[in-house]
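Peer 1: To start, I am sharing the structure in question, which I have written as structure tokens.
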Amino acid sequence: MSSIEERLARDISAITGGVVVTESDLVNARETLEDRIRVKRRRDRGRTLAVIAAAAVVIPILGVAAYQTLDGSESAPPVNSVPTSPSGYDAFLKGSAPTPDLLEGAWRVDNGYVLVRFAAPNVVSFDDTGRLFGSPGVQGTYEIAGDVITVSVDSGLAGCAGQTFDMRASLPKPGAMRFVLPTAGLSSCMSVAGRGDMEKLLPTSNSVAEFDITTDTTKADWSPPVNAAALHGDWMAEGGGYLMEINPSGSYYVADESGEPIDDGQWSLRGTDLTLTSSATSRDCAGGDRLVWGDLGQFITGTTGMRGTSVQNTCGGAWASKVWFLLPDLGS
Amino acid sequence: MSTFWVFERLSGMTNSVPEEILSMGERGASRWRDAASEPAGAELVDALFRRHYVSLLRLGVVMLGSREAAEDAVQDAFVALHRHWQTLNGPEAAEAYLRSAVLNRCRSWVRRQVTQRAPRPLMLVREHEDGPEDSTVGREEAESLVAVMRTLARRQREVLACRYVLELSITETAQLLEISEGSVKAHTHRGLQALRKRIEVAQ
């Protein structure tokens, strides 16, 4: 081992040796993980209930924390409000104020699994289970006042319809957004809270467009999907330009740079052949048009990639030649 | 209380099937698939957590210089694993998945910090607010080779982390980072050369 290697190893050891994890730390971390998984499971179950009770009127479930009003009495705070004045948030929210034009499209929250879509005229959706187009966890309308986007939820997971919350946002540069969400009251509906960053999927930002999953892979690295469930989710085309969603229900969507679906229909997997059959409502394809990818393969190591060979493409969609990567995994 | 003792004690407390499966390596692949298809598959995630959390956290701290950021990266990796574990075909695949997921999240975090803080060089990168429990170290680490390592090109940084933090072989590093063994050697060499040069410039 050379002297530089020895020194590097010594310095690494000095840092890792300082990473003390007590039994309590480990238990707390495990409990935190379990909480996150439990919330996700609850949202998935809630999604099923919402489908069954679609016509029901639900009472908003509010996370209430009492605080002192000016006259000293305790009362419920305006729930789902976002602090508007802390200087820390003002410093964080640099850039342009949001406008419908700047917001329009699909975004990815930098926590790795929440997607957001803003569609004309004033529709917004949040989702974290790969159903942004099919059945997003939260969907509603929005209004903008300054840097505050007020969202009124009208559908989605059980218990979420009827809620209203504010999201402060700024756009520091093209393709990027900073946001501040309430930290309480939405945990059963949204798996994102507090402040964070988003990057734009459609129209595709540079950071997403440059994500590369195929370089340095060989044919041997790609293997057939283990089952149909391995296809579920929202997939981004390598190089950008298209987002494909494959739902457990059997439906699929393909959206382009506009953020709007240009093709939709039903999908099926037979062996390693994935078939997308366009519906009559498809915007760019005729009802019954088929896109068939043969020899479908996936590459799973942190980031999940998927590709196939286009053996039939009666619609002629340019997305037929794309390699895809699973969006919740981007950056994961 | 040493980290090793804590880990040993926790491992010993779990005399369960999931731990047994993890210990079988490739031979456990078929039992993994059986266990993964059962509701008790969550126990496998639990066992993986106890087995790998500390080493992954250390990796994150070395890569990011922030314990808080490292904890977030490791938590995210396990949440992603829970989502995908039924598509993995064995404990070794799960371990590789976790390591790769942590590295990828470190990469995203660094990319975000660089975008926000350019053109300052990436040295000790801090979260928006320092907490009392944030173990980002101070001046001593600023002079450490690890701090310099964080300024290297991404691939060099990751290869050195695999080789000297995770202590993986060339072959294991190549598999984890999905590059050739030749590339591992090249990036290792170039990374160490770059470290040497930067120390010389600083002196």
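Peer 1: Report yes if residue A:290 is touching a residue at least 12 places away in the same chain (Cβ under 8 Å) and charged (D, E, K, R), otherwise no.
Peer 2: So residue A:290 fits the description; yes.
Peer 1: So which of A:302, A:316, A:331 is at pLDDT below 95 and either open to solvent by 60 Å² or more (accessible area, probe 1.4 Å) or farther than 30 Å from residue B:99 by Cα (or both)?
Peer 2: A:316
Peer 1: Suppose the filter is open to solvent by less than 30 Å² (accessible area, probe 1.4 Å), in contact (Cβ under 8 Å) with a residue 40 or more places away in the chain and of a type in the set (A, V, I, L, M, F, W, C); does residue A:276 pass it?
Peer 2: no
Peer 1: In addition: Within the stretch B:164-196, track down each residue that is among the charged types (D, E, K, R) and within 10 Å of another protein chain (Cβ to nearest Cβ).
Peer 2: Once the filter is applied, which keeps residues that are among the charged types (D, E, K, R) and within 10 Å of another protein chain (Cβ to nearest Cβ), the stretch B:164-196 yields B:167, B:178, B:196.
Peer 1: Does the stretch A:201-232 hold any residues that are buried (at least 16 other Cβ atoms within 10 Å of the Cβ), touching a helix residue (DSSP H, G or I) at 6+ places or on another chain (Cβ under 7 Å) and not small (Gly, Ala, Ser), and which are they?
Peer 2: A:201, A:225
Peer 1: Let me ask another. Regarding the stretch A:219-236, can at least one residue be identified that is charged (D, E, K, R), in a strand (DSSP E or B), at pLDDT below 95 and under 27 Å from residue A:281 (Cβ atoms)?
Peer 2: Checked the stretch A:219-236: at least one residue is charged (D, E, K, R), in a strand (DSSP E or B), at pLDDT below 95 and under 27 Å from residue A:281 (Cβ atoms).
Peer 1: Among the residues that make up the stretch A:132-155, is at least one of them open to solvent by less than 10 Å² (accessible area, probe 1.4 Å), part of a loop (DSSP other than H, G, I, E, B), among the hydrophobic types (A, V, I, L, M, F, W, C) and at pLDDT 90 or above?
Peer 2: Yes, there is a match, as at least one residue in the stretch A:132-155 is open to solvent by less than 10 Å² (accessible area, probe 1.4 Å), part of a loop (DSSP other than H, G, I, E, B), among the hydrophobic types (A, V, I, L, M, F, W, C) and at pLDDT 90 or above.
Peer 1: Here is a further query. Got a sec? Which of B:99, B:111 is at pLDDT 85 or above and either within 11 Å of another protein chain (Cβ to nearest Cβ) or farther than 30 Å from residue A:173 by Cα (or both)?
Peer 2: Answer to the check: B:99.
The values are calculated or read from the model by the stated rules, or taken from the named source; none is laboratory data. Just so it is clear, the model here is predicted, and its values are computed rather than measured. In this analysis, Cβ positions are derived from the backbone assuming ideal geometry, glycine residues included, and neighbour counts consider all displayed protein chains. These area figures cover heavy atoms from the full protein model, side chains too; ligands, DNA and RNA do not enter into them. Shrake-Rupley method; radii C 1.70, N 1.55, O 1.52, S 1.80 Å.
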